[in-house]
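Read through the structure below, which is laid out as structure tokens, and then see the notes.
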Amino acid sequence: MPHALSVVFDSLPYLLQGSFLTIGIVVAAMCLGLVLGICMAVGLVYGNRFVKYLLTAYVWIFRGVPVVVLLFLFYFGLFNFLDLQFSAFTAVTIVLGMTTGAYQANIFRGAILSLPKGQFNAAIGLGMSELQAIKNIVLPQILRMSIPAWSNEYSIILKDSALAFVIGAPEIMARTQFVASRTYQHLSLYITAGIIYFLLTWAGVIALRRLERHLRIPGYSHQGNQ
Amino acid sequence: MMTETDQILRVTDISKSFGGNTILNAVSVKLAKGEIKVLIGPSGGGKSTLLQCINCLVVPDAGAIELENETIDFRRKQDLYRLRQQVGMIFQDFNLFDHLTALDNITIALRRVKKMDKNQARQRARLELDQVGLGDKEALYPAQLSGGQKQRLAIARALAMDPKILLLDEPTSALDPTLIGEVIAVIKGLAVKGMTMIMATHQISLIYNLADEILFMENGRIVEQGPPAALLAAGNTSRSQGFCDRLNELAEVDG
């Protein structure tokens, strides 16, 4: 075992460098998903029938097809077909962002529907446009409500980001596999990779829980999230 | 005598249906500056929908609305925004913005709609909070206020927009009986200052003391209208009289 441990120690800096790329993928994908999710949720609730059909189809496709299939489809298929020269990092970020966007759309849609409709009417009644009411009244509340569900989404995307290794992005999983296949210390190295993923998940979830507490509205308890 | 120019609001033959059910059937209302009309009648009679149609929260299917002799084009968003800004709405269940303090519940529309800067908006909001007796509550959130305080805040929020008309949709119906008094006092104060109002209410003291005219609504139509002195005169057999008698009996059972 000492040999296994020394391999882990020697390769740790190399593996941890990969975690920067992992974090980069997750942060970028979550941000893309947030923007897509908010826009699609607004469309799903307030849009006309055509918009709703279109967005519902999008959500079904990204929920129904495995991420790894989407990744190959986009990276080797679609991007090639469109003659787009995207790096593996960009490709993974786009695919994960579009996938989490579909899930986040459903999270935000549920939150909008759980918000008493009267508040939207009150904002409109004061002379705000629909867009102003959504921006100033609806979004600040539903984003708060969605933090617990959003932190689930974070942990799922963090773990899905390991799939980036199949198209060669040098993140944690790819680097672990690279070292393991050369040193044959599979057990200790994959335990190490698992621990790194676990710690990243833990840190992110704790940070989001802090954020949730920080943003809590005094005297007000959100329904359905406790 | 009321002349055409005294009229601040003219609602002519507005109708509204939801999924084949006619909720409003060619209803007309005229309102002079400073006038107070009270809507009464059974639930489902169309009172709430009429009020929501008057500031186009619900856009009427047919009919016309004129505010200060300007006809509102229901298809033009800008017309709707302008109408709503000038016609304030008070809801039964307050509809305060839960994520904002009492002060910011008022400043948000001043800043976004009236484009006031932050300090201007705050000054105005504090003035309105003082007017409804909530001067010391500006930092509290809606969930930290009592029902009566919530409704007073909702009234302050509407008044800050300088509405020409205030619509009140059963403003005391969601309140604990012990909290109704403070809201009634604020509404009476508005009447004294000459605020033009249309109010749906089952609060007998508001009907008797404030109404210049009672509109009795049933099945989407105004079936009876007139000043309370006439409609509620002793021995009168009007629908309004019968309705108010029943409200009085209920109040006595309650009290």
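Any read-out appearing in this document is the output of simple, stated calculations on the displayed coordinates, not a laboratory observation. All values derive from a computational prediction rather than experimental measurement. Counting neighbours? That spans all protein chains shown, and the Cβs are built from the backbone with ideal geometry, glycine included.
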### Task
Please provide three numbers in whole Å: the alpha-carbon extents of the protein assembly as shown along the principal axes, with the largest listed first.
104, 48, 44
#### Entry: Among B:MET199, B:MET116, B:MET217, residue whose mean-square fluctuation peaks in a GNM of chain B (springs only between Cα atoms under 10 Å)
B:MET116
### Query
Rounded to the nearest 20 Debye, what is the dipole magnitude of the protein assembly as shown about its Cα centre when Lys and Arg each give +1 and Asp and Glu each give -1 at the C-beta?
1200
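Mind checking B:45-57 for the average number of partner chain beta-carbons within 10 Å of each residue's beta-carbon?
Values: counts 0, 0, 0, 0, 0, 0, 0, 2, 0, 0, 3, 2, 5.
That average works out to 1.
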### Message
Just to be sure I understand the model, the point goes 7 Å from the Cα along the line to the Cβ. What's the resulting B:ALA174 to A:LEU78 distance in nm?
### Response
4.4
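Sorted by packing (mean other beta-carbon atoms within 10 Å per residue), highest first, where do B:159-168, A:42-51 land?
Working: B:159-168: 21.5, A:42-51: 15.0.
Packing order, densest peptide first, comes out as B:159-168, A:42-51.
For chain B, what is the percent of antiparallel DSSP beta bridges, rounded to the nearest 5? Before the final figure, lay out the partial values.
Working: 20 of 37 bridges.
That works out to approximately 55 percent antiparallel.
Among DSSP bridges having both ends in the protein assembly as shown, what percentage is antiparallel? Round to the nearest 5. Provide the component values of the computation, followed by the final result.
Details: 20 of 37 bridges.
Just about 55 percent of them are antiparallel.
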## Note on the structure
Taking every alpha carbon pair in the range B:4-254 and sorting the distances into 10 angstrom bins from 0 up to the bin holding the longest one, the percent per bin comes out as 7, 30, 35, 22, 5, 0
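Just add up the charged neighbours of A:MET98: K/R +1, D/E -1, any other residue whose Cβ is under 14 Å from the Cβ of A:MET98. Provide the component values of the computation, followed by the final result.
Details: positive: A:ARG63; negative: A:GLU153, A:ASP160.
After counting each charged neighbour, the total is -1.
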### Summary
Sorted by chain and number, the residues with a modelled amide H under 5 Å from that of B:ILE165, at a separation of 5 or more or across chains, are B:GLY88
## Note on the structure
Residues meeting the amide H criterion for B:ILE23 (H placed from the backbone, H to H distance under 5 Å, 5 or more places apart or on another chain) are B:LYS16, B:SER17, B:PHE18
### Task
Between beta-carbons, use under 11 Å as the cut-off and find the net charge around B:LEU231, counting Lys and Arg +1, Asp and Glu -1.
-1
## Note on the structure
Note: A:207-218 gets an average of partner chain Cβ contacts (10 Å, Cβ to Cβ) equal to 1
### Query
Where a Cα-Cα gap under 18 Å defines reach, which lysines qualify for A:LYS117, not counting those fewer than 8 residues away within the same chain?
A:LYS135, B:LYS150
## Note on the structure
Partner shielding of A:127-133, as the mean number of partner chain Cβ atoms within 10 Å, equals 6
### Query
Once amide H atoms are placed 1.01 Å from N in the peptide plane, what residues at a sequence separation of 5 or more from B:GLY41, or on another chain, have their amide H within under 5 Å of its amide H?
B:MET217
### Query
Among all the lysines, which ones have a C-alpha under 22 Å from B:LYS37's C-alpha, if same-chain residues fewer than 8 places away are not counted?
B:LYS16, B:LYS47, B:LYS164, B:LYS188, B:LYS193
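Going by how many other Cβ atoms sit within 10 Å of their own, how do B:CYS56, A:CYS39 line up, fewest first? Before the final figure, lay out each step's value.
Details: B:CYS56 19, A:CYS39 14.
Going from sparsest to densest Cβ surroundings: A:CYS39, B:CYS56.
Relative contact order for the range A:2-215: what percent, with Cα pairs under 8 Å and sequence separation of 6 or more? Mind showing how you got there, number by number?
On the way: 217 pairs, mean separation 67.2, N = 214.
For the range A:2-215, the relative contact order is 31 percent.
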### Message
Please report, in whole Å³, the volume per residue of the convex hull around the C-alpha atoms of chain A.
### Response
148
